[in-house]
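S.K.: Sharing a structure here in structure tokens format.
The values are calculated or read from the model by the stated rules, or taken from the named source; none is laboratory data. Owing to the predicted nature of the structure, the values given are computational and were not obtained by experimental measurement. Note: ideal-geometry Cβ built from the backbone for every residue, glycine included; neighbour counts use all protein chains shown. Each accessible area value is taken on the protein alone, full model and side chains, heavy atoms only, with ligands, DNA and RNA left out. Shrake-Rupley method; radii C 1.70, N 1.55, O 1.52, S 1.80 Å.
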Amino acid sequence: MESGTLSLCATPIGNLEDISFRVLRTLKEADCIAAEDTRNSIKLLNHFEIKTPMTAYHEFNKVEKARELVSRLLKGENIALITDAGTPCISDPGEELVRQAIDAGIRVESLPGPAAFVTALTLSALSTRRFVFEAFLPTEKSNKKERKAILESLQKEERTIILYEAPHHLKKTLEDLREAFLENRALSLARELTKKHEEVLYFSLDEAIQKYREEEPRGEYVLILSGASREKKKEEAQAKWEEFSIEEHFEHYLNEGYSEKDALKQMAKDRGMRKRDVYKIIKGDVKK
């Protein structure tokens, strides 16, 4: 028997008119719809008069339920996967089902559509050429160590940074970002995207922190932050080596196993100097 198809169906993040004809057809023709929250998704299905039966697939049953759904797919059923809003598998338990389906040799298709982080990025007025999506940061309560490690890694990230955040965690996250970055970055905050009261704010981290000290955040947020400046990173790297003399710097790389040629090259890069100028300073210790 030929196995069925798992269809990842992107659903509106607010405005129901954003659903595609292809998604509507697939939801109607599927044998079953796996939904993150059936109580939420029934509103969508009722609006478009879709009668396909649903089953709950969420973070707390994703492994066991994925096995059950894969078994049904192997028997020839076609299953559509939807999340509460947006594209399945983006900051969503759907990736477990996709992984099990692929391992079982089942055909998986993704039907393009809304994704909050893409929508927010296009509205951010920040660089869209290169970006990194971190979704929700771990909370201090759930994993303080991992949260700290991620924030530290983002400090030197040159790409535009995208985060999701809940209203009750927004103030703390803004403050932690400011502390981790050691500088006031450009920031775009988007909420209620595609809905009647859509709002996109453009300011700096400091301005955002001040705003939400005076008022309570409302709604789910997408944070778009500018990446670290390459020039600033270069200056920081150069400042680090200013504590060392040229000779100590050279000796450091020799002890690390560098050849004299490679040590000079790396030193020049570290200090923002020309290789021949570094050589001239320590020529008494380096053989041509």
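S.K.: Among what's in region 16-50 and is of a type in the set (Lys, Arg) and over 22 Å from residue 109 (Cβ atoms), pick the residue that is least open to solvent (accessible area, probe 1.4 Å). Explain how you work it out, then say what you get.
M.R.: Initial filter on region 16-50 (of a type in the set (Lys, Arg)): 22, 25, 28, 39, 43.
With over 22 Å from residue 109 (Cβ atoms) added as a condition, the list becomes 39, 43.
Working: 39: 178, 43: 140 Å².
The qualifying residue least open to solvent (accessible area, probe 1.4 Å) is 43.
S.K.: While we're on this one: So, in region 65-85, how many residues would count as being of a type outside the set (Val, Ile, Thr) and more than 26 Å from the chain's Cα centre (by Cα)? Before the answer, list the steps.
M.R.: Quick first cut of region 65-85, residues of a type outside the set (Val, Ile, Thr) only: 65-69, 71-78, 80-81, 84-85.
After this cut, where a residue has to be more than 26 Å from the chain's Cα centre (by Cα) as well, the list is 67-69, 71-78.
So the answer is 11.
S.K.: When you scan region 79-86, do you find a residue that is open to solvent by 60 Å² or more (accessible area, probe 1.4 Å) and within 19 Å of residue 24 (Cα to Cα), even just one? Spell out how you get there, then give the answer.
M.R.: We begin by selecting, within region 79-86, every residue open to solvent by 60 Å² or more (accessible area, probe 1.4 Å); these are 84.
If we keep only those that are within 19 Å of residue 24 (Cα to Cα) too, we end up with 84.
For region 79-86, residues open to solvent by 60 Å² or more (accessible area, probe 1.4 Å) and within 19 Å of residue 24 (Cα to Cα): present.
S.K.: Restricting attention to region 106-118, which residues are within 26 Å of residue 130 (Cα to Cα) and either open to solvent by 40 Å² or more (accessible area, probe 1.4 Å) or in contact with a Lys or Arg (Cβ under 8 Å, 6 or more places away or on another chain) (or both)?
M.R.: Selection gives 110, 111, 112, 113, 118.
S.K.: Which ones in region 183-203 are farther than 20 Å from residue 128 by Cβ and in contact with a helix residue (DSSP H, G or I) (Cβ under 7 Å, 6 or more places away or on another chain)?
M.R.: 184
S.K.: Then there's this: Inside region 121-222, counting only strands (runs of 3 or more DSSP E) that do not spill past its ends, which hold 2 or more residues that are open to solvent by 20 Å² or more (accessible area, probe 1.4 Å) and under 26 Å from residue 89 (Cβ atoms)? It would help to see each step written out before you state the result.
M.R.: On the way: elements: 131-136, 160-165, 186-191, 199-204.
Those strands (runs of 3 or more DSSP E) span 131-136.
S.K.: Counting only residues that are outside any helix (DSSP H, G or I) and under 37 Å from the mean Cα position of the chain (by Cα), which one in region 258-286 is modelled with the highest pLDDT? Even if it seems obvious, please write down each step before you answer.
M.R.: Taking region 258-286 first, the residues outside any helix (DSSP H, G or I) are 258-259, 272-274, 282-286.
Those still in the list that are under 37 Å from the mean Cα position of the chain (by Cα) too: 258, 272-273.
Working: 258: 81, 272: 74, 273: 75.
If we take residues in region 258-286 being outside any helix (DSSP H, G or I) and under 37 Å from the mean Cα position of the chain (by Cα), then 258 is modelled with the highest pLDDT.
S.K.: Go through region 51-60 and give me each residue that's in a loop (DSSP other than H, G, I, E, B) and either open to solvent by less than 50 Å² (accessible area, probe 1.4 Å) or not acidic (Asp, Glu) (or both).
M.R.: Within region 51-60, 51, 52, 53, 57, 58, 60 meet the criteria.
S.K.: Still on this structure: What single numbered condition from (1) at pLDDT 80 or above; (2) in contact with a Lys or Arg (Cβ under 8 Å, 6 or more places away or on another chain); (3) of a type outside the set (Ser, Thr, Tyr) fails to hold for residue 241?
M.R.: Status for residue 241: all satisfied but (1).
S.K.: Taking region 61-78, which residues are loosely packed, with under 15 Cβ neighbours inside 10 Å and among the basic types (Lys, Arg)?
M.R.: Passing the criteria: 67, 75.
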